[in-house]
1. Given the conditions (1) in contact with a strand residue (DSSP E or B) (Cβ under 8 Å, 6 or more places away or on another chain); (2) within 12 Å of the ligand (Cβ to nearest atom), and given that residue 286 satisfies all but one, which numbered condition is not satisfied?
2. Suppose we keep only residues that are within 23 Å of the chain's Cα centre (by Cα), under 30 Å from residue 311 (Cβ atoms) and more than 14 Å from the ligand (Cβ to nearest atom) within segment 325-353. Which one would you say is surrounded by the most Cβ atoms within 10 Å (Cβ to Cβ)?
3. Given the criteria surrounded by fewer than 21 Cβ atoms within 10 Å (Cβ to Cβ) and either more than 16 Å from the ligand (Cβ to nearest atom) or under 18 Å from residue 357 (Cα atoms) (or both), does residue 272 qualify?
4. Does segment 245-257 include one or more residues that are on the phi < 0 side of the Ramachandran plot, surrounded by fewer than 19 Cβ atoms within 10 Å (Cβ to Cβ) and within 12 Å of the ligand (Cβ to nearest atom)?
5. Report whether or not residue 337 is in contact (Cβ under 8 Å) with a residue 40 or more places away in the chain, under 28 Å from residue 200 (Cα atoms) and in contact with a strand residue (DSSP E or B) (Cβ under 6 Å, 6 or more places away or on another chain).
6. Can you find, within segment 137-164, the residue that is farthest from residue 448 (Cα to Cα) among those that are within 16 Å of the ligand (Cβ to nearest atom) and touching a helix residue (DSSP H, G or I) at 6+ places or on another chain (Cβ under 7 Å)?
7. Exactly one of (1) within 27 Å of residue 373 (Cα to Cα); (2) more than 16 Å from the ligand (Cβ to nearest atom) is unmet by residue 188. Its number?
8. Kindly indicate which of 96, 102 is closer than 22 Å to residue 447 by Cβ and in contact with a strand residue (DSSP E or B) (Cβ under 9 Å, 6 or more places away or on another chain).
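The values are calculated or read from the model by the stated rules, or taken from the named source; none is laboratory data. These figures come from a predicted structure and were not determined experimentally. Reconstructed Cβ throughout: ideal geometry from the backbone, glycine too, with neighbour counts over all protein chains shown.
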Ligand code: BG6
C-alpha cells in the first residue's frame, strides 16, 4: 500500500500523485480548456504531480502535438484562476502533452491509444497507470468505454481508472444502461463518476462544519429545523451551449446531480469513518430516503421556468428561444424548483426546497437552514418587527464563500426593539489562502485512488429516481413559456410553491 493510499491517509494530508498518464477524450472541448488543463497545470505548480506524468488528448480535430501544446498554453494562461502562470514550468509540463486525432467509433483509434500509452510509458515513466477522462458528448461515453475494453485498455500493468463527466445518463433507464455498458469492461472501483460540486471546498466544508463541531448536531433535525432552501442561481445564460442545454434543462443539468448531492451532504447521517465507502454509503442512504413524488403531487411540488428577453447586469439579453442552436418553440426549463421530503426519523416533515436557474439577478449558491422560531415570544409590541424572524444559518458555496448565522438582537436604546444581526465567517478573511478549484481536487483524488468525492452508481440511480416523476410530468405539459424575464428571480409559481407550506424564498 503506498503512502498515498486513502486508507493510509484518511485525512488527505500527503496528497501527491503516483506516476500516471491521463487520457482525455474531448480534448478540444471547453471543459478541457477551461477546467481540466488549468487544474492539471496547477497540480504541477503545487508540486503534487509525480515526475512520471503525461497527458494524451484525443478529439476529432486534426492537430499535431505542438498545435495541442500551443492551444493548451493559451487556455491555461487564460483560464488559470487566481494563480500565476510560470512559462518555465509550462515548458517542462508541455513536454508531457501529446495528441491523437480520431473518431471514438473507430476501433483503429484505440489501437493508436494503446501504442501511444506504450511510448509514453517508456519515455515518461508513467508506471503503466492510466486515468481515462470522458469529456465528450455524453452520448459517446458508452461507446468509448466499450472501445477501451475491446482493445484491452481497461486492464494493464498498472491501475486503470475512468472518470465519466456528467450527465451520467439523461434519465433513470439510460443511466442504468450506461452503467451496464461501462461495467462490462471496468469494475465499480475503477469508475469515477464526477460531480464537480462535491469537489468544491465549501461543499467539503459542510462535512467539516457538521461533523467537526459538537454544537450543531443536536439542532440538526426536525425538532429545530423548519425547512431548508438550497439555491444555485446563475447570472449567465446558456453561453453558446444552447444545443446541449436544450436537451438537458435546469432540472437535469443542476438538480439531479449537483444540488441533490449538496442536499445529501447537508442531510446525511455522520459516517463511522472518513473512508470513501463509509461516506458514500451515508450519502446514498439519504438519497434513497428522498420521497418519490406521485404524478398527482408534481404540480404542487415542482416548478419549471424558461427565461424570456430581459436585462442582465444593465444590458438587454434575448430570451432562451432566441439563443443560437435553440428551437424557437423549445419547452426546455432554464429554471427549476422542487420541494423534496426526506422520509427518515431525522427529517420527517421538513421540506428541502431547491431552485436553480439561468439569467437570475446574481450568481449565488447557498444553503439556508431556517430554524424554527422561539416557541413563545415575550417581545410582542409592534416596535419589535424583528421578533418573527427565524434564526437562519447560511452556508455560502460561492461567491463570498463563508457561513453566517442570523439572529435578533436588542437595538441599543431605552426601548426593547429587536433587529436582525449576523455573525459571519468568511474564508478569504479567515485563511487568506487560495482554495483549490473543484477539478484540481477531484483530479488529484482520482489519480490517488480516493473516490470519496465521486458518486457511485447507487447514488446516481437514487437521484435520477427522485427527479424522474418530475421529468415525466413535465414531458406531458404544454407550458406557456417564457414565464420569467431574464434578470428576475424566476416564475411566480415558484413563490406559490413555497407559500403552500407557509414559506417564502429568501433573497440571497
Ligand atoms: C455545470 C452545468 O455542471 O455546472 C452548467 O452544466 C453550470 O450549466 C455549471 O453553469 C455551474 O457550475 P459552477 O461551478 O459555476 O457553479
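1. (2)
2. 337
3. Taking the combined requirement at face value, the residue satisfies it.
4. Yes, segment 245-257 contains at least one residue that is on the phi < 0 side of the Ramachandran plot, surrounded by fewer than 19 Cβ atoms within 10 Å (Cβ to Cβ) and within 12 Å of the ligand (Cβ to nearest atom).
5. For residue 337, the condition - in contact (Cβ under 8 Å) with a residue 40 or more places away in the chain, under 28 Å from residue 200 (Cα atoms) and in contact with a strand residue (DSSP E or B) (Cβ under 6 Å, 6 or more places away or on another chain) - is met.
6. 141
7. Condition (1) is where residue 188 drops out.
8. Going through 96, 102 in turn, just one is closer than 22 Å to residue 447 by Cβ and in contact with a strand residue (DSSP E or B) (Cβ under 9 Å, 6 or more places away or on another chain): 96.
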